[in-house]
Amino acid sequence: MSEPDRGAFIFQDPHGRRWPRLRRVLVVGLLLVAVAVVWFFRTLLTHPELKTPASVVPLKKQLKAAINRTEQDDPNAINWQRYYSESKSAQDRLDKIKRQLGKTPDPKGEIRLGYYVEWDPNSRASLEDHASSLTHLAPEWFSLQGTDSRLIVEPNPHLVSFASAHHLTLMPLLENLQGNTWQPEAVENLANGTADKRSRFIRDLLAQLRSMKAGGVIIDWQQLDPAYRDNYSDFLQQISDALQKAGMELWFSVAPGEDFKTFNIFGDPDAQPGVKSNRPALETFVNRFVVMLHDENSETDAPGPIASQPWLEGWLKVIVQYADPDQWIGVLGAYAYDWNTTTKKTETITFKDAMSRASYAGVDATGEKTETGPPRFNGQYQYSEPSGEHTVSFLDAISFYNHLRVVRAAEFGGIGITRLGTEDPQIWDVMELKGLPTPSVLKALGAIKAGDSITNVGRGEIVTVDTSREDGARVVTIDSTRLPPTRPDDPFEATLAEVHKSLLRANYTDFATYPILYHQGAGGEHEVAITFDDGPDPEWTPKILDILRAKGVKACFFLLGSNCEDYPGLVQRIVAEGHEIGNHTYSHRNLAVMSEWQMELELTATQRLIESITGRSTTLFRPPYNADSNPTDIAELAPLRLAQEQLGYTVVLEKIDPQDWARPGTEEIIQRVRDLRNEGNIILLHDAGGDRSETVAALPRIIDYLHTRGDRIVSLSELLGMTRDELMPPIDASHQPLERFVAGTGFRAWHGIVGFFWAFMIFSTGLVVARTLLVAWLAHRHHRTGIDSTAAFQPSVSVVIAAFNEGKVIQKTLRSVLGTDYAGEMEVIVVNDGSRDDTAAKIGEFAATEPRLRLVRQENRGKAAALRNAVAQSRHEIIVFLDADTLFQPCTIGALVQPLAHPLVGAVSGNARVGNLRTFIARFQSLEYICGFNLDRRAYTEWNCITVVPGAISALRRSAISAAGGFSDDTLAEDTDLTLTLHRLGYHIEYAPDAVAWTEAPESYSGLAKQRFRWAFGTMQCLWKHRDLVFNPRFGALGWFSLPNIWFMQIGLVAVTPLVDGILLWSLLFGHMAGVWYWFAIVLGLDLFLAALACRMDGERLHKAFLILPMRFIYRPLLAWVIWRSIFRAFKGAFVAWGKLERTASVPSRA
Amino acid sequence: MRFRFGTFIAIAAASLLVACDPSSTPPSAGTPPPSPAQPQAASTPVPANPLQRLAIPQHGIYTGAYIDWGDKEDTVTLEAIEKFETMVGKHQAIVASSSYWGEQSFPDDNLRLITRHGSVPLVFWSPWDKPYVEGRGPDKYSLTSIIAGEHDAYIDMWAEKARAFGSPLIVSFANEMNGEWFPWSGKLYGGSTPIPGSKPVHFQGPETFKKAYRHVVDRVRAKGATNVQWVLHLMNYSLPQEGWNLAAEYYPGPDYCDWLGFSLYGAQFADDDWTQFFPLLDWPYEELRRIDATKPVMVCEWAVGEFPTLGSKSDWLRDAFRLFKSPKYPNIKACVYWHERWENDDGRYSNLHVNSTPDALESYRQGVADPTYLDHPIVEPTK
């Protein structure tokens, strides 16, 4: 576009200094912002240096080795002697045994039965590694429960296919166990009940076994009343018969001792004192007896060996004495017990747990010997931690070897291993040993390899991690001490004596260290904590806080940084009401798939936010996802370790997870909490992330339930035995003040921006709505009043056209003007503004035949000058202006001049419509003309506040033009400038909707952009020039409505369009700031409404209005670009021009 | 409570009384069905001033249970109560548990749990020391030491906490004293030795007991624990069943007990004889009625083992629920089942569980379902 070079030009900067200065300011400003942003992010990566509270870290340091107390008598060691008979019949059997000892073992080979549990991933891992060393597998799939003896079946199809792929025979266990409680009635009632009930049970059992492709079933019934012995016998026989028929086996699990009697196993009164039974002994129909050669001292006993060598051998002697050993499978222990002798709680732990605990307690450093050696050949040590004194008894590969030797010597049919997942990994090597171990084998057995398995110490769901690992060592030797024989005349004793020459013993010099999780915060039995994840949320968090306040309960909220940022008020409320808060990362992404610095950013950004909102830090952290499961994979420990070691957090997991986020129903949430209550003492609920109405409904009832069952709901700090200030230290002013200031300011600034944005959106929506309604109402009023265009006011008119390179269209234009049916006198003046094409010639052709037409020539001086020239040449008082590319209808001039009948009317705007509808762009403009320009004019004319009488079609009073000082050159929009000046002079400006002129709209984007840039820049110039009109009471609606409307709607709003569109796109892609959609919908709806109204008034078809929707996306960005370009250009002017403007602005009013 | 000898005597008595079992007359004939119990709306007692106590229901009998609380009879859990209630199909108006003197504590947690659950606690407050084994004779909490005031501090502490607890609480202090297995049995304190000069003749054993009993009640009352109601809790048949050892001898006076009560057990061991329910209830009820006909009667413990070869537990339970509500025994206002299973030294079990068999459970469920058996306590302010 051409740049006019007149000095008076609005925004012009003749010295060219404004832009360089402005640019300098801009660059410096941008640099500062950039530095601030970088610095801000830097603080988010600067660790807050949390001081881990004293009582959390040191569990590890509080483990202490204790001196081995003098070994107590092992009261259970000699139980077997009561069954070791010296009777005559026993002698007979001894002979039988002697014969049996000479026989060759079963060619089928040794049975190796692995005990498997579903709930421990270690069990699965062990099975996968050692499937080839096993022949049979015993998962806990069946249980008999309740008075009505329900058969509960929980098979695992994966294990079924795994077993068949690895040629393992499945022998599922059938126990009378529910949770941890044995249910003797379940078996007794079945055995004593109706035959019908038993048959039904057997049918169900068989069907299940078949579907599992099991080889049979292992029955493990405990705590039964021996009074019903005969019924058990009958029942078992019945089961056995059915299994046999189906080609399956019945195995029967026996705890050595009472079970011999309870179940009439041998049928020998000598072996079973007090047993008088006329039923056949179990050994006559049960395929195998699975005897538990462990739990000499169990969880409920006082600490002692799990399976001492003499105890185990004693029972072997009993069994060998009475039974066919080949029918028997000896189950060997491969686990450990940790008795807390203070709290009387016993844990079953793994061999590795036992190693880790010893190692961290420093048992190997005390100088006390810990060994698997004579006479018991069981490992045992003591340690202490804050909650009490512990005794650990463990079975290892060495005890396993010794047990295995004697069980094989007794020529048992096989062995069982209880259980997969808790064993010393070297038992698998020991099992394959042939002959006596060589020195190199002994050496290999002495090396305890530390692996990636995770071990656990302590109780509670607040954990600390230590991932260090170190191999351990034990000195393994062949033992030369002999265990004394009990009865030298027993041939089996001789066999044992042979074995005793080469038992193994191990002296632990170095316990292995495995990655370890320290658990804390188990609290008292009746202490429980409630935690909420993912908040705060504006809808649910307040409801939950209300409930907690009403119930007087303190909870802990694990907050997401992103939500803290959105709802800082809620964070403050949580803290103010005495609850605790923890860090739950910024965006709730899975830490396992995150790099270290990402995780640091997630945690520290959230921490900084919490600090700036609450003035406190938090030392609590809960990882998103899987906080309810104990990590079993070393990879899961890494983020916890980072959070704990690098960032200083205390990691809080939980065990009571009712999965309320999945909305299982209020009742179900409550029921799950009840079911899980005994599993742990930290409850997880959610206060955000969706519809939490179920959680809100369940919470008060959960609290009531906990109170009823006698629980005290405590805060995490109470659970850890700390103060709230230790967990959430108030910020120390001297600690990292700069970082906190920058982070805080950054968050506040961002908040300010976001807050302003929303305020602006709401404000602008309100304005748009108000404006739309006002415009619609005014336009409607104008439309209804109507204008009598046929009235008789027919003054003489001069029609003025400024033409510059209009050769292509000028003749058509002239024809349309001259073809008017206007009855009054008319002259047409065309000013050729130095066109370089054939414009002059084309006009000349016409002028020759048309006396009403005059051609005026001038040098190219711009449109304003041309118009001035034309006005000067015109002879009549009423002057009609039209653009060279605009076509009149015959009635146009008549309609146009009507309002001028009133002497106060200084100018009339016609109804410009787009004539060329060939392109999409043009069609858009057509709609824009109808609903933007013309509708506005209809409305504005009601209040006499039309801001522009378009040069394309308008009629003005000559006296008014001269009063206004004519067309001025200092803006690109001389028509707007003139219109506003006329307003100053007190003229009325009218609109004649029936004076239709068809103008030619640009058909390309670039053409349109050029045109609109001219308009926009011109309009801005005029607004600036006439800025004193705005909010000037003298000018009424113009100053208070139409001019501010241009400022805000046509410049301000259009300028922010790209930002809003950008946010819209962001919201579409990432789902944030969904509020912007409302705004968008409202604005679009209003646009559509106005378009429809305008189309109706202008007699266009309604469906055209829908073009407004695509227009919004194509047209608005273009307008925005144009506006920004104009602003940019305006700034590129000069400061000096500003002062000058001030002066020019006053010119018209002087005139 | 486990004991071996009560039933032995019971059988002797039963053989005398079996002839007049009222069950031989049709129970429904002239017996108007007891008006439905006060609606189950009785609100959960809330610990607050003024103190509250359990009202004696005009119609109906509170149903309650002791539920397998372990060796010290005091590991009360909500889960077990709820499981039991689901099993028998009825909420419990009374839940029983023990407080042993050897623990030197007040069972605050248990009582609050039971109260919050909407039941009234019945506490067996037993003055003995560890190990809590029957037949060991008097220990440091002997009746004489109580009378001598040696444990006043403990009693006062217990009373203060009971008052602070504030909700209804029924206390059975030193129960089954007319037996010989507990260390507070009258037999162990001079038994039948007459007190010189007393007229009519009083006996040393029962007199010692009453002195100790009154001492304890007086001290507790002095602390203002009016929410405590006292039940004099005997064995249904004395051992020995001799004049000096009968219930009347142990009666401390109408001011010292709010309820009269006894334990009532059928066969508990495999070598017991089976006794029908009627004689176990009838004579003992009359014995109490003769002492004081105005006092409500509580069957503080009742149960029978599962011995299919001896007799039908389900019949026994059915009789029990039929007879408790019989118009013949209008004073019976509460019955508390002893739900426990334990292993005996010989490896055999005593299974007193209501669900020892499906039949027994069904019988209990049907019996207790009668609206006469009140499932919620009715609570009133203390006088």
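The values are calculated or read from the model by the stated rules, or taken from the named source; none is laboratory data. Worth saying up front: this structure is predicted, and the values here are computed from it rather than measured. Glycine also receives a Cβ, built like all others from the backbone with ideal geometry; neighbour counts cover every protein chain displayed.
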(Q) Which condition from (1) in a helix (DSSP H, G or I); (2) touching a residue at least 60 places away in the same chain (Cβ under 8 Å); (3) crowded, with 22+ Cβ neighbours inside 10 Å is the one that residue A:639 breaks? (A) (2)
Q: Among the residues of region B:309-344, count how many are surrounded by fewer than 17 Cβ atoms within 10 Å (Cβ to Cβ) and within 12 Å of chain A (Cβ to nearest Cβ).
A: 4
Q. Within region B:85-113, which residues are within 12 Å of chain A (Cβ to nearest Cβ) and part of a helix (DSSP H, G or I)?
A. B:86, B:87, B:88, B:108, B:109, B:110, B:111, B:112, B:113
Q. Mind checking which residues of region A:791-834 are without any contact (Cβ under 8 Å) to a residue 40 or more places away in the chain and farther than 16 Å from residue A:853 by Cα?
A. A:792, A:805, A:807, A:808, A:833, A:834
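Based on what the data block shows, is residue B:164 of a type in the set (Gly, Ala, Ser), part of a helix (DSSP H, G or I) and modelled with pLDDT under 95?
yes
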Q) If you scan region A:673-707, which residues turn out to be within 15 Å of residue A:553 (Cα to Cα), surrounded by fewer than 20 Cβ atoms within 10 Å (Cβ to Cβ) and within 14 Å of chain B (Cβ to nearest Cβ)? A) A:701, A:704, A:705, A:707
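Quick grid of which residues meet (1) surrounded by fewer than 24 Cβ atoms within 10 Å (Cβ to Cβ); (2) at pLDDT below 90; (3) in a helix (DSSP H, G or I):
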| position | (1), (2), (3) |
| --- | --- |
| A:371 | yes, yes, no |
| A:374 | yes, yes, no |
| A:377 | no, yes, no |
| A:384 | yes, yes, no |
| A:391 | yes, no, no |
| A:399 | no, no, yes |
| A:402 | no, no, yes |
| A:407 | no, no, yes |
Q. For region A:457-492, what are the residues that are more than 26 Å from residue A:392 (Cα to Cα), surrounded by fewer than 17 Cβ atoms within 10 Å (Cβ to Cβ) and acidic (Asp, Glu)?
A. A:489
Q: Tell me which residues, restricted to region A:131-163, are more than 14 Å from chain B (Cβ to nearest Cβ) and either among the charged types (D, E, K, R) or in a loop (DSSP other than H, G, I, E, B) (or both).
A: A:134, A:135, A:140, A:141, A:154, A:155, A:156
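Residues checked against (1) modelled with pLDDT of 95 or more; (2) of a type in the set (A, V, I, L, M, F, W, C):
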residue	(1), (2)
B:145	yes, no
B:160	yes, no
B:187	no, no
B:199	no, no
B:213	yes, no
B:217	yes, yes
B:232	yes, yes
B:242	no, no
Q. What are the residues in region B:82-112 that are of a type in the set (Val, Ile, Thr) and under 26 Å from residue B:127 (Cα atoms), if any?
A. B:94, B:95
Q. Based on what the data block shows, is residue A:361 hydrophobic (A, V, I, L, M, F, W, C), surrounded by fewer than 20 Cβ atoms within 10 Å (Cβ to Cβ) and within 28 Å of residue A:515 (Cβ to Cβ)?
A. no
Q) So which residues in region A:290-327 are in contact with a strand residue (DSSP E or B) (Cβ under 6 Å, 6 or more places away or on another chain), crowded, with 24+ Cβ neighbours inside 10 Å and more than 27 Å from residue A:502 (Cβ to Cβ), if there are any at all? A) A:290
Q) Going through region A:164-201 one residue at a time, which ones are away from chain B (no Cβ under 14 Å) and touching a His at 6+ places or on another chain (Cβ under 9 Å)? A) A:168, A:169, A:170, A:171
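Quick check on residue B:127: is it more than 14 Å from chain A (Cβ to nearest Cβ) and at pLDDT below 95? Outline the logic, then answer.
Numbers: more than 14 Å from chain A (Cβ to nearest Cβ): yes; at pLDDT below 95: no.
Against the criterion (more than 14 Å from chain A (Cβ to nearest Cβ) and at pLDDT below 95), residue B:127 does not qualify.
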Q. In this structure, does residue A:861 turn out to be closer than 19 Å to residue A:969 by Cα and in contact (Cβ under 8 Å) with a residue 60 or more places away in the chain?
A. no
Q.
Can you pull out every residue in region A:813-870 that is in a loop (DSSP other than H, G, I, E, B), closer than 19 Å to residue A:897 by Cα and not hydroxyl-bearing (Ser, Thr, Tyr)?
A. A:819, A:821, A:823, A:824, A:825, A:852
(Q) For region A:708-734: of the residues being over 30 Å from residue B:80 (Cα atoms) and buried (at least 20 other Cβ atoms within 10 Å of the Cβ), which is farthest from the other protein chains (Cβ to nearest Cβ)? (A) A:728
Q.
Scan region A:525-540 and tell me whether some residue there is in a loop (DSSP other than H, G, I, E, B), within 14 Å of another protein chain (Cβ to nearest Cβ) and touching a residue at least 24 places away in the same chain (Cβ under 8 Å).
A. yes
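In region B:193-206, how many are surrounded by fewer than 21 Cβ atoms within 10 Å (Cβ to Cβ) and under 23 Å from residue B:128 (Cβ atoms)? It would help to see each step written out before you state the result.
Just the residues of region B:193-206 that are surrounded by fewer than 21 Cβ atoms within 10 Å (Cβ to Cβ), to begin with: B:193-202, B:204.
If we keep only those that are under 23 Å from residue B:128 (Cβ atoms) as well, we get B:193, B:204.
Of the residues in that region, 2 qualify.
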Q | Pair list, Cβ < 7 Å and 6+ apart or interchain, from region A:216-238 residues that are within 13 Å of chain B (Cβ to nearest Cβ) to residues that are outside any helix (DSSP H, G or I) and among the small types (Gly, Ala, Ser) | A | A:226/B:347; A:227/B:270; A:229/A:277; A:230/A:277
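Any idea which of A:296, A:249 is farther than 24 Å from residue A:170 by Cα and not small (Gly, Ala, Ser)?
Numbers: A:249 fails: farther than 24 Å from residue A:170 by Cα.
From the options A:296, A:249, the qualifying one is A:296.
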Q.
For the list (1) within 12 Å of chain A (Cβ to nearest Cβ); (2) of a type outside the set (S, T, N, Q); (3) within 30 Å of residue B:253 (Cβ to Cβ), I need the number of the one condition that residue B:349 fails.
A. (3)
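Tell me whether region A:55-78 contains one or more residues that are under 41 Å from the mean Cα position of the chain (by Cα), at pLDDT 60 or above and over 30 Å from residue A:371 (Cβ atoms).
Scanning region A:55-78 turns up no residue that is under 41 Å from the mean Cα position of the chain (by Cα), at pLDDT 60 or above and over 30 Å from residue A:371 (Cβ atoms).
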Q | Among residues of region A:240-255, those that are under 20 Å from residue A:227 (Cα atoms) and either away from chain B (no Cβ under 14 Å) or surrounded by 23 or more Cβ atoms within 10 Å (Cβ to Cβ) (or both), counted | A | 3
Q. Do we have residue B:282 as in contact (Cβ under 8 Å) with a residue 12 or more places away in the chain and surrounded by 18 or more Cβ atoms within 10 Å (Cβ to Cβ) here?
A. yes
Q: For residue B:295, state whether it is more than 14 Å from chain A (Cβ to nearest Cβ), more than 19 Å from residue B:88 (Cβ to Cβ), of a type in the set (Lys, Arg) and touching a residue at least 60 places away in the same chain (Cβ under 8 Å).
A: no
Q) Taking the stated definitions as given, is residue A:665 modelled with pLDDT under 90 and over 27 Å from residue A:464 (Cβ atoms)? A) no
Q. Is it fair to say residue B:356 is at pLDDT below 95, within 11 Å of chain A (Cβ to nearest Cβ) and within 25 Å of residue B:283 (Cβ to Cβ)?
A. no
